[in-house]
1. Which FRET efficiency, nearest 0.05, do B:Lys59 and A:Ser5 yield, Cβ-Cβ r, R0 22 Å?
2. Please list 3J(HN,Hα) in residue order for the range B:41-55, calculated via the Karplus relation 6.51 cos²θ - 1.76 cosθ + 1.60 where θ = phi - 60°; whole Hz, with x for glycine and proline.
3. Computing the accessible area with a 1.4 Å probe over protein heavy atoms, can you report the carbon and sulfur percentage for the range B:25-111?
4. Cβ under 15 Å from B:Gly16's Cβ, B:Gly16 left aside: what net charge do those residues give with Lys, Arg +1 and Asp, Glu -1?
5. Could you compute the longest span of chain A free of trypsin sites (Lys or Arg not before Pro) located in DSSP loops and having at most 10 other Cβ atoms within 10 Å, not counting the site residues?
6. Provide the per-residue ³J(HN,Hα) series for the range A:32-44, in order, calculated from phi with Karplus coefficients 6.51, -1.76, 1.60 and θ = phi - 60°, each as a whole number of Hz, with x at glycine and proline positions.
7. Between beta-carbons, use under 11 Å as the cut-off and find the net charge around B:Ser27, counting Lys and Arg +1, Asp and Glu -1.
8. Explain nothing, just the number: dipole magnitude of chain B about its Cα centre with +1 on each Lys and Arg Cβ and -1 on each Asp and Glu Cβ, in debye rounded to the nearest 20.
Amino acid sequence: GAVVSQHPSWVICKSGTSVKIECRSLDFQATTMFWYRQFPKQSLMLMATSNEGSKATYEQGVEKDKFLINHASLTLSTLTVTSAHPEDSSFYICSAREAGARNQPQHFGDGTRLSIL
Amino acid sequence: ILNVEQSPQSLHVQEGDSTNFTCSFPSSNFYALHWYRWETAKSPEALFVMTLNGDEKKKGRISATLNTKEGYSYLYIKGSQPEDSATYLCAFEGGGNKLTFGTGTQLKVEL
């Protein structure tokens, strides 16, 4: 149980393109989803917390107009990297937590490796 | 900025060896400490969520302890096997439902 699917797993695209990454909870309802970014040899850094039906909460230093997050249902959150540039190349990974499960772990997707040429 | 540190950064052991890693975290505003195992090309797998000082949890050959007063947790692997090779991440959860991750300990178990 508690499976999170993230798609796509790998994207290569030209500078200026917008890229959408999907995160789905397959067998549970997730009122809260989280988006992380990882640079080489660094830890997972939280970018934003996505709450179903409301605006995402962004961490300090994360541009909300650059990284658009939508959480329209209890099983789907999307991250859109708008007008991506080479410095946006990174590993992005989402996680989800079951509703009312504060003492439970976050369940992660497999991640998306984004390369902007 | 919260500081979560893990040591060692990497570790090579022989099959059958027992090993342990350390995670240090802030001792204030503590809610929970999470451990994950992350194998290459897979998603991070939750191992433990620990909330109480003195907690000890076990899952097969892997166990963990928690000291919230001094801000550290140990992860132990008994009789390491090649399939234990992975990066082990700890994450501190404070009052805000957010996780702050360490950089991980990369374990390689050799035959």
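1. Between B:Lys59 and A:Ser5 the formula returns 0.35.
2. Coupling constants for the range B:41-55: 6, 10, 8, x, 9, 5, 9, 9, 10, 10, 10, 9, 4, x, 3 Hz.
3. Ligands and nucleic acids excluded, carbon and sulfur give 46 percent.
4. Counting the neighbours of B:Gly16, the net charge comes to -2.
5. After excluding every exposed loop site, the longest remaining stretch is A:42-117.
6. Going residue by residue, I get 10, 10, 10, 10, 10, 10, 10, 8, x, 6, 10, 7, 5 Hz, with x marking Gly and Pro.
7. 0
8. That gives a dipole near 220 debye.
The values are calculated or read from the model by the stated rules, or taken from the named source; none is laboratory data. Keep in mind the model is a prediction, meaning the values are calculated, not measured. Quick reminder, even Gly has a Cβ in these numbers, built from the backbone with ideal geometry, and neighbours come from all protein chains shown. When the accessible area is computed, the model is the full protein with side chains, heavy atoms only, and any ligands, DNA or RNA have been set aside. Shrake-Rupley method; radii C 1.70, N 1.55, O 1.52, S 1.80 Å.
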